[in-house]
Amino acid sequence: MKALQAALAAEHAAVYGYGVVGGRIREGRRSEARSAYDAHRARRDALVREVRDLGGRPVAAAAAYALPFPVPDSAAAVRLAAELEDRMAGVYSDVVRATGGERRRTAAEALREAAVRAVRWRGESVAFPGLAERAATASASPAPTA
């Protein structure tokens, strides 16, 4: 449940972040930003249902989130979108590690989608999406459970 709640909290933040991206991104990439926004909303809503189905109380969205850097223009919006996707890949890698069966397959799909979107935003990829972000914390904390 802990990994699912963390994924839900991250999806809330991603939805917020894509609201910022959408407001700053140039016209030519707005449909890409809208598509990512919609994908994160859908994942968020699915996680809310899943947490409830497991008897939990879904973590609520914050009123606002601190951005990792200022986003005054389209170039910064693209960097923010890539950062959001990197963070989502990391969170979903935790869910993959902590779960099994269908839940694990769904998390692996979400990790893949985030990694693909990050590549599209950044223009380059990383060897193991979701793992590099967790390398520093993996040894310091136990694997989350769902």
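Scalar couplings 3J(HN,Hα) for the range 66-76, obtained by applying the Karplus form with A = 6.51, B = -1.76, C = 1.60 to θ = phi - 60°, are 6, 7, x, 6, x, 10, x, 8, 5, 4, 5 Hz; x denotes Gly and Pro.
Got a sec? Which residues in the range 1-31 would a label at Y65 touch, if it sits 7 Å along Cα→Cβ and we count backbone N under 13 Å? Output list for this probe position: 6-22.
Under the simplified labelling scheme, the A108-D38 pair shows an inter-label distance of 2.7 nm, with each label point 7 Å from Cα along Cα→Cβ.
The distance between label points at R79 and L54 comes to 3.5 nm (points 7 Å beyond Cα on the Cα→Cβ vector).
Accessible surface calculations at 1.4 Å, restricted to protein heavy atoms, place the range 1-120 at 50 Å² per residue.
The values are calculated or read from the model by the stated rules, or taken from the named source; none is laboratory data. What you see is a predicted model; the values in this text were computed from it and never measured. Glycine gets a Cβ as well: all are built from the backbone with ideal geometry, and neighbour counts include every protein chain shown. Just the protein is used for accessible areas: all its heavy atoms, side chains included, with ligands, DNA and RNA removed. Shrake-Rupley method; radii C 1.70, N 1.55, O 1.52, S 1.80 Å.
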